[in-house]
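Here is the structure we will look at.
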Amino acid sequence: MLQQSISSRASNRSRRDPTAPLRHVDPVLISCIVILSFVGLIAVYSATRGPGPDFSKSYLVKQSIFMVIGAGALVLFAAVDYRKLHDWAWVLYGATTFLLVLVISPFGSQSHGAQSWFALGPFQLQPAEFAKLSLIGALAFLLSEFRGDIDLRRLVAVLATAGLPMALIMLQPDLGETLILVVITMAILLVGGLPTKYIVALSLVGLIGVLGALNSPVLADYQRNRLTAFVNPGDKSNKALYNIEQSQQAIANGRLTGQGLFDGPQTKLGFVPEQQTDFIFTAVAEQFGFVGSAVMLLLYGLLCFRIWRIAQVAKDSFGTYICVGVLAMFGFSAFENVGMAMGIMPVTGIPLLLISAGGSSTITALAALGLVLNVHMRRFQ
Amino acid sequence: MDTSSPRLRMSILGVVVLGCFLALFARLWYLQIMEAPALAVQATANRTRTIATEAPRGRIFDAKGRVIVDNRTSLIVSIDRNELKKVKNRNELIARLADVLTANGTPIKISTIEKRLTEKQADQLQGAPIAADVTEEVIHHLSEYAEDFPSVSFERKTVRVYPYGTAASNVLGYTGRITAETLKTLEAGSDPDGVVKSYHPDSIIGLAGVEATYEKELRGTPGVELVQVDSKNRPVGTESYQPPKSGNDIQLHIDIDVQIRAEQALVDRLAVLRGTSQRDGTKRGAPAGSVVVLDPRDGGVVALATAPTYDPQEFANGISQDRYNQLQNINGASALIDRSITGQYAPGSTFKLVTATAALSNGLIDGKSSIYDDGVYKVGNPAQEFRNSGDQKNGNVNVVRALTVSSDVYFYWLGDRMDGTTLIQDAASAFGYDKKTGIDLPNESAGYVLTKAEKKALHNKYPTAYPNGDWYTGDNVQLAVGQNVVAVTPLQIARAYAAFANGGTVYQPHVVWKILKPNSTPSKPSDVLRIIDPVVTGTVTLPPDVRGPIESGLEGVTGPTGTAASAFIGFDLSAFPVVGKTGTAQVDGKADTSLFASYGPAVAPRWVVTAVMEESGFGSEAAGEVVRHVYELLANQSLTGAGTATSGTRD
């Protein structure tokens, strides 16, 4: 009934055609996206307005602009049949790979010790964010072509496809974004039918790789400290611990119902570093308490559930793999970002999609959700 | 089961994602519900800083209600030398600071700053003070451009002001920053009165004089401001503020006029005598001395002078090591010692009060018992000779005349007769010579009056310092005239004469009279929190047949035939009769210690005045003169009715 009333104002064609895409928009997913984006704007504003009395609105304005651009991207990525991406996947992959090379050349800019963005006037373009989406496209293409039949040669092809952007992003270096690509690749391989023996083998290689990296000069000291801080919370010599302590105190300060909007002292006084991005969850948790942050996580969970469901009802495996990739992207960014703020995951700077401030990540996230909606809308075509 | 079935794989993925979210919820519950109270405490500590503001100390009034210690605010600029070592462009910084100070009303040269930086502080913890009493403009500039002035800090200090300059500095003492060791002993809960006045490392504490003994009263309760700070430690607001509360005022028995007169008379006389020769040709060093004025009716300390002395103001902003060393050697004497309570001197003939009391009260003599004094007294076989000062022959003397003319021979005889007993020591003990007086000032010394047993014990303990452990008749003979085996403080002498003057009551001398409310008006009875009651520490039995002859003898001392006659020429003794005893204590290789102990007026005495002067010669010519000058002021006060407030409201 509800769907009918929504679509009553739609075109004549859709009224007549039961498979018309506009009749199959997922309202739950869209509601989740709208509410979470709104929560994100409030969180970003509260984390960046400062203690006053001259409250800064610059982050709020910027993030609103990104949301609008992102909404445009969402519509675009939902409107054009996702199967067209089948043909464009490699173009997108090639373009982002080129940008990833370009960003570590002198054309790119540095901040916080990582050369990861292009300066475009007042905005910053982070190709690593777009790489997530283009990798999802490329891997979905590959695995849908393989049709669940993956031998070692094909596995190597997949790993090579995933490995190139990972390697380029590690050169910036950006450990967090690389980890997201790893998780996306693992998820698509899992659902794409990678034989169990390879899964076991890859897991072993991954485990050895992580342990090896932690004990080798590949990682800088600060990276190692950040990664291990949550394991040894008593180690006072570890600088990364300060951030974790501050963020956990801010979260605890929220108690059951929160300190109230704009009334979180830790948030207001800037005790939590990078609060508008990596530690955005603390702003939500301190101001809205357990009730508010649990509701936000539930919305996030619902969003993931809808993506998971769409992956299952997709018309073709290409659509399924796209959804699985996007699910991995959202699921991991939530688990890593929120987990880090609460001290149960290592400190790696990745945004909480839709909530954290940031143009490239917001636009990518909305575009990715557009694709998922696309898959849902066209599941009968 | 097909482990590669897409449905199963999707389920696995779903379970993993669900597991992740469940982990997040669990942790969220733990942090916000279970651990929140503990973490919230940490968070509060994290974003608040406690700023303690020292409260003004209580003021100090003299007996007539005049402010003798006051407060004022001083703005002090200082440099932390350890921080300065880390500054790159050190010289530019100092030049910049000199410019700012000079441009804003505190002219200073770069070389002066450099000099202040090299001066060693007595207190190494403090930053080197560069300029005191700078203008508000300087402070504005320094706080506005704080980044340009690393290692430079400023503070608003309440500092002590002394309207009467150095007067009574030994009584008042001084304040200074608390030491780390003291701070430890003062930690909360250790205060026996339960008054926790939260000291912190920058706290100012009384370090000497009544500032130290009445620290608890004088110290105010610091203001505590709980300031909210942001992550860069910049204050953004106040969570709570408890303003500082001034300390209690105190009022002393000290009459600042009498104090100044005593100090001046002492310093002047020492200066006159210094470098001259006494009768036997020994040069007078006259480096130091003391004057004590007590109220014999309650033990109130009216004046307590010591020379040389120091300016407490020099300690207010931190004193340099050089100056500190200098103060320890002024004409060969330290200015940092209060001789009136810590100096130990042979009392000389002033001790004859004790010997006479012992002899009279034990019936060895009466007022008329006389011997022939030919200037020499012989003891033992082979005879050891003890002589009068200047070999003077006094002819027939009884105890009255012996006191007036200071016949040593008469007292040698008494000492000889009392040998083998502790009668003199017992009398000395009754007058309080064997223990500290208990005055409310720090670092008091006790004298000693040795007995046969004590001399033996001393010898056994320190065989080199006391080579002879036996008690000879000669020892008792010397004791009778206050030499060799006896040493006392000037305050003990004054207290003994006060006890004699008031008929036998030995009071504990007291500097502080009243504890007043903060910011009080001393004349308002409602501002008095409490009065320090006189404390009686003992009595001397002085029946008329004991006190009478001694009093007569002492009355004669200032008279025409007395030993202090010359000192009182021109003083109207009929209007204000002074009763006293001179003393001239021999010190090996140096000029004599000059002593004079007295009280007046003779009937219903109100003041005991004693003076003790090192290497200054005969009793009357040094100490007698000083005491006479003090009496001139007291007699004037007494006759014009301008008595001390002490006597005005007491009785």
Inset, instruction - Kindly identify residues of the range A:337-374 having a loss of at least 10 Å² in accessible area between the isolated chain and the assembly of all protein chains, probe radius 1.4 Å. - result: A:M342, A:I344
Legend entry - Note, ³J(HN,Hα) from phi for the range B:271-287, Karplus 6.51, -1.76, 1.60, rounded to Hz, x at Gly and Pro: 5, 5, 7, 4, x, 7, 10, 7, 3, 7, x, 5, 5, 8, x, 6, x
Inset, instruction - Quote the FRET efficiency, to the nearest 0.05, computed for B:L8 versus A:V156 with a Förster distance R0 of 25 Å and r equal to the Cβ-Cβ distance. - result: 0.50
Legend entry - P(r), alpha carbons of the range A:26-377 - 20 Å bins starting at zero, rounded %: 30, 60, 10, 0
Inset, instruction - List, largest first, the extents of the alpha carbons of the range A:202-339 along their principal axes, each in whole Å. - result: 50, 43, 20
Legend entry - Drop in accessible area of at least 40 Å² in the complex versus isolated chain, residues of the range A:240-263, 1.4 Å probe: A:Q248, A:Q249, A:A252, A:R255
Inset, instruction - Between B:D545 and B:D268, take the C-beta separation as r, use R0 = 35 Å, and let me know the FRET efficiency to the nearest 0.05. - result: 0.25
Inset, instruction - Compare the Cα positions of B:S429, B:G415, B:L441 along the charge dipole of the range B:412-462 (+1 at Cβ of Lys, Arg; -1 at Cβ of Asp, Glu; about the Cα centre) and return the one farthest towards the positive end. - result: B:G415
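Top to bottom by accessible area (1.4 Å), largest first, where do A:D17, B:D62 land?
On the way: A:D17 45, B:D62 0 Å².
Reading off the accessible areas and sorting them downward yields A:D17, B:D62.
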Inset, instruction - Name the residue farthest towards the positive end of the dipole of the range A:26-377 from the options A:Q248, A:L29, A:P273, assuming +1 on Cβ of Lys and Arg, -1 on Cβ of Asp and Glu, about the Cα centre. - result: A:L29
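Given a Förster radius of 60 Å and the C-beta distance between B:E83 and B:A457 as r, what FRET efficiency does 1/(1 + (r/R0)^6) yield to the nearest 0.05?
Values: r = 56 Å, r/R0 = 0.93.
The calculated FRET efficiency here is 0.60.
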Inset, instruction - Percent of Cα-Cα pairs per 5 Å bin, from 0 to the last occupied bin, for the range B:337-392, please list those. - result: 4, 13, 13, 19, 22, 13, 8, 6, 2
Inset, instruction - For the range A:26-377, with all protein chains present and a 1.4 Å probe, just round the carbon and sulfur fraction of the accessible area to a whole percent. - result: 70 percent
Inset, instruction - With a 1.4 Å probe on protein heavy atoms only, tell me which residues of the range B:1-33 lose at least 50 Å² of accessible surface in the complex relative to the chain by itself. - result: B:R9, B:M10, B:L13, B:F21, B:L24, B:F25, B:R27, B:L28, B:L31, B:Q32
Inset, instruction - Rounded to the nearest 100 Å², what's the accessible area chains B and A bury against each other, both chains counted, probe 1.4 Å? - result: 3400 Å²
Inset, instruction - Percent of Cα-Cα pairs per 20 Å bin, from 0 to the last occupied bin, for chain B, please list those. - result: 16, 40, 25, 12, 4, 2, 1
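Given B:K86/B:K115; B:K115/B:K245; B:K368/B:K455; B:K184/B:K216, which pairs have Cα atoms separated by over 26 Å?
Listed pairs above 26 Å: B:K115/B:K245; B:K368/B:K455.
On average, how much accessible surface per residue is there in the range A:26-377, in Å², for a 1.4 Å probe, leaving out ligands, DNA and RNA? Provide the component values of the computation, followed by the final result.
Working: 13700 Å² over 352 residues.
Solvent-accessible surface per residue comes out at 39 Å².
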Inset, instruction - Enter the per residue convex hull volume of the range B:252-307, computed from alpha-carbon coordinates, in Å³ rounded to the nearest integer. - result: 79 Å³
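Leaving out ligands and nucleic acids, and using a 1.4 Å probe, what accessible area per residue does chain B come to in Å²?
Details: 27940 Å² over 651 residues.
Ligands and nucleic acids excluded, the figure is 43 Å² per residue.
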Legend entry - Charged-residue dipole, Cβ positions (Lys, Arg, Asp, Glu), the protein assembly as shown about Cα centre, Debye nearest 20: 4200 debye
Inset, instruction - For B:K452, go through the lysines and keep the ones whose alpha-carbon is under 16 Å away, minus same-chain ones fewer than eight residues off. - result: B:K461
Legend entry - Charge dipole (debye, nearest 20) of the range A:26-377; +1 at Cβ of Lys and Arg, -1 at Cβ of Asp and Glu: 200 debye
Inset, instruction - Please work out how much length the chain gains when fully extended from B:Y145 to B:T561, using 0.36 nm per residue of separation minus the C-alpha to C-alpha distance, in nm with one decimal. - result: 142.0 nm
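Using only C-alpha atoms and all pairs of different ones, pull out the Kirkwood radius for the protein assembly as shown in Å with one decimal.
On the way: mean 1/r = 0.0272 Å⁻¹.
Every distinct Cα pair counted, the radius reaches 36.8 Å.
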Inset, instruction - Round to the nearest 10 and give me the degree value, 0 to 90, for the angle of helix B:90-103's Cα axis relative to the longest principal axis of chain B. - result: 70 degrees
Legend entry - Violating pairs (Cα-Cα greater than 32 angstrom) within the set B:K436/B:K581; B:K436/B:K590; B:K514/B:K590: B:K514/B:K590
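Please report, as a whole percent, how much of the solvent-accessible surface of chain B comes from carbon and sulfur atoms (probe radius 1.4 Å). Can you show the working numbers first?
On the way: 14530 of 27940 Å².
Percent of accessible area from carbon and sulfur atoms in chain B: 52.
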Inset, instruction - Compute the separation of the alpha-carbon centres of the range A:130-177 and the range A:343-376 and state it in Å as a whole number. - result: 18 Å
Legend entry - Antiparallel bridges, percent of DSSP beta bridges restricted to the protein assembly as shown (to nearest 5): 95 percent
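The range A:48-149: which chymotrypsin sites (Phe, Trp or Tyr not before Pro) are DSSP loop and have at most 13 other beta-carbon atoms within 10 angstrom?
Values: sites: A:F55, A:Y59, A:F66, A:F77, A:Y82, A:W88, A:W90, A:Y93, A:F98, A:F107, A:W117, A:F118, A:F123, A:F130, A:F141, A:F146; in loops: A:F55, A:F107.
Qualifying residues, ordered by number: A:F55, A:F107.
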Inset, instruction - Mind grabbing the base-10 log of I(q)/I(0) for the range B:394-488 at q = 0.13, 0.23 Å⁻¹? Debye formula, identical points on the C-alpha positions, no solvent, two decimal places. - result: -0.53, -1.17
Inset, instruction - Check the range A:26-377 and count each lysine pair with an alpha-carbon distance under 27 angstrom, considering only pairs eight or more places apart or from different chains. - result: 9
Legend entry - Per DSSP, loop trypsin sites (Lys or Arg not before Pro) in the range B:499-594 with at most 15 further Cβ within 10 Å: none
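Figure the gain on full extension for B:D527 and B:A132 (residue separation times 0.36 nm, minus the Cα-Cα span) and round it to one decimal in nm. Could the numbers behind the result be given before it?
Working: separation 395, 0.36 × 395 = 142.20 nm, distance 3.41 nm.
Here the segment from B:D527 to B:A132 would lengthen by 138.8 nm.
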Legend entry - Separation between Cα centres of the range B:555-569 and the range B:3-63, rounded to whole Å: 88 Å
Legend entry - Mean separation of Cα contacts under 8 Å, 6 or more apart, over the residue count of the range B:334-396: relative contact order %: 23 percent
Legend entry - Most mobile of A:S360, A:S56, A:S247 in a GNM of chain A (Cα contacts under 10 Å): A:S56
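The values are calculated or read from the model by the stated rules, or taken from the named source; none is laboratory data. Since we're looking at a predicted model, the values are computed, not measured. Cβ atoms come from the backbone with ideal geometry, glycine included; neighbour counts cover every protein chain shown. The area values use the complete protein model at the heavy-atom level, side chains included, leaving out ligands, DNA and RNA. Shrake-Rupley method; radii C 1.70, N 1.55, O 1.52, S 1.80 Å.
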